[in-house]
Amino acid sequence: MCGIVGLFAKDAAIQMELGAHLARMLASMSDRGPDSAGFAVYAPPVEGAVKLTLRGPAGYDFVALAAALRGRLWGTVAVQPRGTHAVLVVAATEAVAARDALATMAPELVVVGIGCSMELYKEVGPPAEVARQFQLADMQGSHGIGHTRMATESAVTTDGAHPYSTGLDQCLVHNGSLSNHNTLRRELRRLGYGFDTENDTEVAAVYLTAKLHEGLSLDAALRGSLDDLDGFYTFVVGTETGFAVLRDPIACKPAVMAETDRFVAFGTEYRALADLPGIEQARVWEPEPATVYQWDRRA
Amino acid sequence: MKQRAFARVIDLGQASVRDLNQALHDLGPDSNATHWQVLNPRGRHALAVGVDAEVTIEIAGHAGYYCAGMNKRATVVVHGNVGVGAAENMMSGLVHVRGDASQAAGATARGGTLVIDGNAAARCGISLKGGDIVVKGSVGHMSAFMAQAGTLVVLGDAGDSLGDSIYEAHLYVRGTVAGLGADCIEKPLADRHRAELHAKLQLAGLAGQVDVGAFRRYGSARQLYHFHVDHADAY
Amino acid sequence: MDETPRTPPRLSATFDAHVLAEIRRAAATGIYDIRGAGAKRKLPHFDDLVFLGASISRYPLEGYRERCGTDVMLGTRFAKQPIALKIPITIAGMSFGSLSAQAKEALGRGASIAGTSTTTGDGGMTNEERTHSQTLVYQVLPSRYGMNPDDLRRADAIEVVVGQGAKPGGGGMLLGQKVSERVAGMRNLPAGIDQRSASRHPDWTGPDDLQIKIEELREITDWQKPVYVKVGASRPYYDTALAVKAGADVVVIDGMQGGTAATQDVFLENVGIPTLAAIRPAVRALQELGMYRKVQLIISGGVRNGADVAKALALGADAVSIGTAALVALGDNDPALEAEYQRLGTTAGAYDDWHEGRDPAGITTQDPALAARLDPVLAGRRLANYLAVMTLEAQTIARACGKSHLHKLEPEDLVALTIEAAAMAGVKLAGTEWIPGQGAS
């Protein structure tokens with residue numbers, strides 16, 4: 001059980017303040033998600049490059065890692081450490097090589113997310129502290145989603161926190177509780193997918209990843225989940241150019257959206273949106289159950 | 001919201017929700033603080049809950065969950081939207097939402113009137129126990145689920161599974177109904193129903209503006225009042 | 001010619017007499033069997049645990065002179081007025097509707113004499129119970145029958161009921177024959193119809209939203225009263241942690257032996273876990289959150305005597321709650337009424353068709369003539385006697401273990417007689433150092 005927040009900027013000023021807004025929204029959802037928090041920020045992409053968000057033990061020397069990695073790759077390696085995480089930027093053509101190199105050089109590190117713009121951070125701890133640890137308030141980007149967690153049936157660990165990466169520039173956050181995830185997990189394992197936790201959300205994330213690998217669009221994959229997933233869920237999926245929202249047909253878990261000519265925002269409670277600029281005049285509404293909503297910068 | 005010179009103002013930017021509710025609970029029968037205005041609600045929960053006094057409370061903005069929960073005798077006006085469970089278990093009085101209401105609006109309300117100028121989401125009037133709800137917009141799915149007594153009047157449309165497992169509450173919908181729930185059927189609109197509908201619309205300030213004949217009435221088929229195996233798939 | 005010897009008739013353990021009769025009944029009626037009480041089949045329970053009394057390494061306390069305290073405080077986390085009870089045994093929630101008004105009054109009288117609390121049920125608060133019960137816990141259930149802020153304010157504590165042990169995941173049930181005029185009036189239903197009840201709360205789902213609901217209930221009552229969260233034993237470790245995170249002062253866990261007024265027999269016997277298996281996980285959750293003894297734990301479901309009380313407390317509970325046992329103390333299933341039980345097609349000790357409302361003891365009925373048979377004053381006295389005996393029994397055991405207060409009992413004072421009980425309760429198998437199941441993570 002949890003809190004979800006999301007913000008999609010329509011103008012440059014909101015993009016510059018994206019992290020500051022998300023940090024505040026995340027903190028407002030602390031009561032309903034005190035255990036851990038995470039967020040994905042879609043920061044400006046680097047031409048021809050790919051970002052890998054890594055997570056390591058406290059105090060890990062990511063700068064030294066980047067230096068060592070430069071010796072293994074042809075192109076440049078830039079690094080931006082933030083607490084237990086770091087974003088490595090490598091040439092897009094070297095993404096696979098970089099992953100392989102990291103697997104042997106630093107097996108203790110976890111690749112949390114990969115994308116042209118997506119940077120993904122998550123940790124155990126109160127949401128405000130997690131945001132501070134990663135300096136979310138300073139980040140800029142076109143859009144971002146965040147999550148505060150109250151663990152229901154699995155342990156409070158970093159791996160158990162959301163978002164879960166579901167593909168390049170894509171990740172999932174979830175509020176609710178699935179009831180048939182164990183069976184789905186077994187089936188997905190049989191198809192060759194790996195799992196790090198006993199968490200139901202991880203199953204939903206891998207399920208979506210599998211559907212996308214099969215060639216379905218995100219919209220079709222989400223609509224498929226209405227049949228294949230049992231339980232209560234509000235899903236928010238971050239994509240390279242926007243985000244998608246889906247509520248289960250019973251729709252017991254709340255969800256509120258707000259739109260102005262400057263942003264589109266999502267919050268589990270209106271409280272998360274209350275401090276956004278111009279919220280007083282925003283169109284505020286609740287997404288309908290069993291309906292996929294998508295916002296895309298290209299649209 | 002208009003400023004009123006004689007009103008007591010509580011600014012939630014400085015005071016807490018606890019301060020607000022305690023002040024409202026401390027009102028004695030001889031108090032002359034009969035009009036209250038609450039500023040900067042910003043989606044906070046449990047505003048003006050458990051009030052038992054003949055006072056008017058205006059909330060200047062959007063409220064969170066359970067606004068005016070278990071209200072007795074007070075008039076609560078929200079100049080904005082309300083979250084989940086607005087006026088839940090209301091006993092008497094009036095709650096008027098100028099904007100939209102989230103899920104479970106008027107849940108288990110036993111008396112009083114809830115008026116929503118905008119739309120209400122799913123499960124409006126769930127388990128209603130005698131209160132009256134008037135929604136000028138539309139209501140979401142599973143509205144009036146297990147509604148036992150009272151009335152739900154909807155000027156707009158109703159979502160799927162309207163009145164599922166309904167007992168004796170009266171439902172009036174002017175727009176389209178996406179689907180009826182278990183044991184809920186359309187029923188004829190007799191003169192006494194038109195009169196009831198007129199009275200509820202009057203409570204909502206719509207007297208004379210809306211044609212009662214444009215509504216359709218829905219209620220219990222009463223097939224589930226005593227279990228019978230032939231109706232097992234309704235459970 | 002000699003006859004060939006026949007083999008004697010052999011009944012099947014799988015298709016035993018009860019199973020066969022139930023199949024026939026289902027075929028005849030087309031409806032599931034509904035009854036009251038809790039799971040009746042044999043389950044690992046407190047009987048499978050015994051105490052290690054004082055010996056050479058441990059010394060007992062003398063009875064009477066050397067104190068063994070029994071008091072307990074509930075609701076110390078947030079409430080301005082936590083509840084102080086003289087004994088760690090409370091009366092569980094049972095509705096007016098499932099029980100007669102006289103029975104509710106008797107429970108209130110007996111509990112007050114003993115210095116403990118009673119709990120309302122799925123029908124709301126009656127004046128009889130509030131008047132006669134010194135400490136009254138008011139339930140907030142999915143149905144919200146009779147719910148009102150005045151009763152919230154005149155209650156001593158509030159119990160949000162997520163579920164009960166007899167039917168975790170199910171709602172209340174009261175059949176038409178018990179929906180009398182008075183019951184119907186309190187529940188806003190037409191008299192005489194079968195009451196269908198919701199299994200989820202109408203205005204919240206999930207611990208994150210429960211937290212906001214609890215906040216509302218506290219705001220309505222000015223943070224005066226403790227808020228309990230009651231759940232049927234299913235996933236007690238997670239449920240306890242979530243109740244704490246949602247803001248509960250007290251967690252109540254009800255095992256599958258816990259009774260109900262009426263539900264499907266198949267639900268009673270096949271959903272929910274034994275009380276014995278629910279206690280250690282709940283305690284572990286509290287300990288891991290640093291909330292042990294700060295958020296109190298009440299255990300219910302088949303508590304019958306002072307030994308059960310002592311065992312539940314030794315495993316870590318702060319108190320226990322009784323339902324079925326309290327009704328028996330009042331006079332339920334009394335052998336003196338055997339002739340009438342026979343006429344109902346049953347026998348004393350087996351009578352569980354409480355939903356029919358024809359209880360000869362006048363307890364689980366709304367029939368005025370039957371209900372009049374129960375004298376609330378006498379029955380209240382009987383309950384008080386029974387509670388006193390349970391308390392004395394628990395103290396006797398605790399003193400034998402060298403404890404100056406029932407709360408000083410600990411899991412290491414117990415050993416188990418079976419492997420199942422040892423695993424479920426997390427205590428050693430008697431005569432060994434082995435706790436089964438504690439090697440795997």
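Coordinate-derived values only; no laboratory data. Here the structure is a predicted model, which is why all the values come from computation and not from measurement. Virtual Cβ from ideal backbone geometry, glycine too; neighbours counted across all protein chains shown.
Tabulated data
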read-out	value
Calculated from backbone phi, Karplus (6.51, -1.76, 1.60) coupling profile of the stretch C:256-265 in Hz, x at Gly/Pro	5, 6, x, x, 9, 6, 6, 6, 5, 4
At most 12 other Cβ within 10 Å, DSSP loop - GluC sites (Glu not before Pro), the stretch A:86-124	A:Glu108
Placed amide H near A:Arg82: partners under 5 Å, 5+ positions off or other chain	A:Val87
Cβ-based charge dipole, the protein assembly as shown, positive-most Cα from B:Gly156, A:Ala258, B:Val51	B:Val51
Pairs beyond 18 Å (Cα-Cα), from C:Lys213/C:Lys245; B:Lys72/C:Lys225; B:Lys72/B:Lys129; C:Lys245/C:Lys408	B:Lys72/C:Lys225; C:Lys245/C:Lys408
Packing-based exposure ordering (other Cβ within 10 Å, fewest first) of B:Leu24, C:Leu276, A:Leu188	A:Leu188, B:Leu24, C:Leu276
C-alpha center-to-center spacing [the stretch A:41-107, the stretch C:401-438] in angstrom	53 Å
Highest average packing first - C:27-33, C:283-289, Cβ atoms within 10 Å	C:283-289, C:27-33
Length gained when the stretch C:Val389-C:Gln224 is fully extended (0.36 nm per residue, less Cα-Cα span)	56.1 nm
0 to 90° range, to nearest 10: angle between helix B:191-203 axis and chain B longest Cα axis	20 degrees
Derived scalar couplings ³J(HN,Hα) [the stretch A:267-280; Karplus, 6.51 cos²θ - 1.76 cosθ + 1.60; whole Hz; x for Gly, Pro]	x, 5, 10, 4, 3, 5, 9, 4, 9, 6, x, x, 5, 4
The stretch B:20-57-the stretch C:220-251 distance, computed between alpha-carbon centres (Å)	28 Å
Computed label-point distance, nm, for sites A:Ala58 and A:Ser179 using a 7 Å Cα→Cβ extension	4.0 nm
Ranking of A:Thr148, C:Thr118 by count of other Cβ atoms within 10 Å, fewest first	C:Thr118, A:Thr148
Loop GluC sites (Glu not before Pro), the stretch A:160-245 (other Cβ atoms within 10 Å of the site Cβ: 11 or fewer; DSSP)	A:Glu214
Relative contact order (percent, whole number), chain C, Cα cutoff 8 Å, 6+ residue spacing	23 percent
Whole-Hz ³J(HN,Hα) from phi, Karplus 6.51 cos²θ - 1.76 cosθ + 1.60, for the stretch C:25-32, glycine and proline x	5, 4, 5, 7, 10, x, 9, 5
Within the stretch C:178-330: Cβ-based charge dipole about Cα centre, in debye rounded to nearest 20 (Lys, Arg +1; Asp, Glu -1)	320 debye
Charge dipole magnitude, Cβ of K and R +1, D and E -1 - the stretch A:119-267, Cα centre, debye nearest 20	160 debye
Charge dipole of the protein assembly as shown about the Cα centre (unit charges at C-beta), most positive-ward option of C:Gln257, C:Thr14, B:Cys184	C:Gln257
Antiparallel bridge percentage (DSSP; both residues within chain B; nearest 5)	15 percent
Gyration tensor over alpha-carbon atoms, chain A, equivalent ellipsoid semi-axes in Å	28, 23, 18
Pairwise label distance in nanometres, A:Arg132 with C:Thr76, each label 7 Å out on the Cα-Cβ vector	3.1 nm
Fewest-first sequence of A:Met257, C:Met256, C:Met424 by Cβ atoms within 10 Å of each Cβ	A:Met257, C:Met424, C:Met256
Under 5 Å, built H, 5+ apart or other chain: amide partners of A:Leu178	A:Phe232
Peptides A:109-116, C:6-13 ordered by average Cβ neighbours within 10 Å, highest first	A:109-116, C:6-13
Alpha-carbon centroid distance for the pair the stretch C:176-196 / the stretch B:160-177, whole angstrom	22 Å
Expected 222 nm ellipticity per residue - DSSP helices of 4 or more, -39500 (n - 2.57), all of the protein assembly as shown, to 500	-7500 deg cm²/dmol
Label point distance in nm, C:Gln134-B:Asp30, each placed 7 Å from Cα along Cα→Cβ	3.6 nm
DSSP bridge orientation in chain C - percent antiparallel, rounded to nearest 5	25 percent
Cβ-placed point charges (K, R +1; D, E -1), dipole of the stretch B:136-201 about Cα centre in debye, nearest 20	300 debye
Calculated on alpha-carbon atoms, Rg and Dmax of the stretch A:102-195 in Å	14.9, 42
